[in-house]
Every structure is written in C-alpha cells, then in structure tokens.
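To start, the structure itself, in structure tokens.
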Amino acid sequence: MKFFVDTADVAEIRALNDLGLVDGVTTNPSLIAKSGRDMSEAIKEICDMVKGPVSAEVTATDAAGMLAEAAKLRAIADNVTIKVPLTEAGIQACKALSDDGASVNVTLCFSASQAILAAKAGAAFISPFVGRLDDIGQDGMSLIAEICEIYGNYNFPTEVLVASVRHPMHVVDAARMGAHVATVPPGVLKQMFKHPLTDKGLAAFLADWEKTGQSIL
Ligand code: G3P
C-alpha cells in the first residue's frame, strides 16, 4: 500500500519524507489556500522533494480550460499528476490527458458509478472521499470495497486512492480491502504510530536498562 500525504504544507511533507513514509502527495485548491503559498512554487518545491506522483488540481470547469491549466501544471515537473473533478468536463479532460500520456487523478468521487467512468477515461487514480461520506451518514469504506471489487472484475489499471481520510482506521480498512493508495493528512499519519502499550513498554524497558548500569556504546 502506498502512502500519499494530503497537504500542501512543504515543511510537513519534508518531515514525513525524512521518515521514509511518503510515496506521493495530493493537494487541492483548499489545501493550497490553507498553505498561503503560490501554487506553482509550492508544487515545484514538493516535486523536487518527493519522487512519486504529486497531484495538482485544475480549477477551470470546462474541458478546454482544464486542458490549458493541465499543460501549465505538467510543465512544472515530470511527476505532476493532474487532478480533475468528477464532472462531465473532468472526465473528458481525463480521457484527453491520459491519451496524451499524462497521469490523471479524478477527484470528488462519491459513488461506484462515478468510479467506473474515471476508469473508462483512463485515470491513473480515482479518489473516493470516505470521510465526507461518513459525515453525511453514509459508509465511506463501503464505497472503497465496491470500487475495489469492480476494478478487480475488469483488471482496470486505475488505482484506488482513498481520500478524505480522517483517522487511522480508515487506513487500516483501506489496506484490508486492498486499496492501492491512502492519501493521509500528516496528523493522521502521526496518529498511526501511537499505542499506549508501546509507550508503557518502552518506559519499562528503559527503566530496567538503567538499573543494569550498562551502555551499548
Ligand atoms: O485531497 C482531497 C481530500 O483528501 C480532502 O479531504 O478532509 O477535506 O474531506 P477532506
């Protein structure tokens, strides 16, 4: 399973990248706004740091506008993945970009039928938003199971990128279902380390070690 980091905060990405945990990065217009950064500069910096795919999202709502923006974003670095919304225009742009050899991430997916369209359009990634489905009382992870089943039935090469992840159990459930990628906010990735028995066990080991008076070095 690949871990992408869901942020445009370069410092946070660097810290996780130094841990060796970052296979890619996803951004969106809201995350760029939150970072306060110029989009092109931030994407360039992230692409220089992270070897894997870095999603940069178009903001035009028509296919021609999306393609024009995509051309500019693709010129930033070879590892830019173009993120388009799951609209008719977005699917049209996805097909044109994929045919042209671009990596495309289709975002704002909330149903299996939408995921089928993205795969048919040649998307490299489909991004179902599990947390936002949970927020409205639906089961976000059931959608991941459905998409994994459907893509598996046809050997679609589109990777299932679990997005809108809110807690470590979303990541664990996604992994159990065989989703290819989880894009994880930095805070959730840090939560994945935590277990009280790890802290308690380490404290006991160190206390016992202290009593021995030994030093490894
Ligand atoms: O990058 C898209 C997605 O992960 C957004 O998550 O928390 O805004 O629903 P959230």
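Cβ-to-Cβ counts within 10 Å put Thr81, Thr87 in ascending order as Thr87, Thr81, the fewest first.
At 0.36 nm per residue, and after removing the present C-alpha to C-alpha distance, how many nm does the segment from Ala77 to Ala204 gain when stretched out fully?
In short, 40.9 nm is gained.
Residue-wise HN-Hα couplings along the range 165-175, as the Karplus relation 6.51 cos²θ - 1.76 cosθ + 1.60 with θ = phi - 60° gives them from phi, are 7, 10, 7, x, 5, 4, 5, 5, 5, 4, 5 Hz; Gly and Pro carry x. Counting only alpha carbon atoms, the long axis of helix 196-212 and the longest principal axis of the chain meet at about 30°. Largest GNM mean-square fluctuation across Ala89, Ala174, Ala123, computed for the chain with C-alpha springs under 10 Å, falls on Ala89.
Pop the C-beta distance of Lys51 and Thr87 into the FRET formula with R0 = 41 Å and round what comes out to the nearest 0.05. E(calc), rounded to 0.05, equals 0.85.
Springs between Cα atoms under 10 Å define the GNM used for the chain, and in it the highest mean-square fluctuation of Thr158, Thr26, Thr61 occurs at Thr61. In this simple spin-label model, placing a label point 7 Å from the Cα along the Cα-to-Cβ direction at both Asn153 and Ile136 gives a separation of 2.3 nm.
Between Met1 and Ile216, the FRET efficiency estimated from the beta carbon spacing at R0 = 41 angstrom works out to 0.75.
For the range 114-151, backbone nitrogen atoms closer than 20 Å to the point 7 Å from Asp99 Cα along Cα-to-C-beta are found at 116-125.
Here the range 29-78 and the range 175-198 have alpha carbon centers that stand 25 Å from each other. In order along the range 21-33, the phi-based Karplus estimate (6.51 cos²θ - 1.76 cosθ + 1.60, θ = phi - 60°) of 3J(HN,Hα) comes to 9, 9, 9, x, 9, 10, 10, 8, x, 5, 5, 5, 4 Hz; Gly and Pro are listed as x. Along the Cα-to-Cβ line of Val172, 7 Å from the Cα, sits a label point; which residues in the range 127-150 have backbone N less than 13 Å from it? Residues passing the 13 Å test: none. Listed values for the range 118-130 are Karplus-derived 3J(HN,Hα) couplings in whole Hz (6.51 cos²θ - 1.76 cosθ + 1.60, θ = phi - 60°), namely 5, 5, 4, 7, x, 4, 6, 9, 10, 10, x, 9, 6, and x replaces Gly and Pro.
Of all beta bridges that DSSP places with both ends in the range 2-212, some 0 percent have antiparallel geometry. Helical runs (DSSP H, four residues minimum) scored at -39500 (n - 2.57) apiece and divided by the length of the chain put the mean residue ellipticity at 222 nm at -15500 deg cm²/dmol. Each 5 Å bin, from zero up to the one with the longest distance, holds this percent of the alpha carbon pairs of the chain: 1, 7, 15, 17, 18, 14, 10, 5, 3, 3, 3, 2, 1, 0, 0. Residues whose amide H lies under 5 Å from that of Lys83, counting only those 5 or more places away or on a different chain, are Ala56, Glu57, Val58, Asn105; hydrogens are built 1.01 Å from N in the peptide plane.
The lysines whose alpha-carbon is closer than 26 Å to the alpha-carbon of Lys2, local same-chain residues fewer than 8 away aside, are Lys34, Lys44, Lys51, Lys83, Lys95, Lys120, Lys190, Lys194.
Quick note: the coordinates plus some simple rules give every number you see, no bench work behind them. Computed from a predicted structure; not experimentally measured. Please note: Cβ atoms are built from the backbone with ideal geometry, for glycine as well, and neighbour counts cover all protein chains shown.
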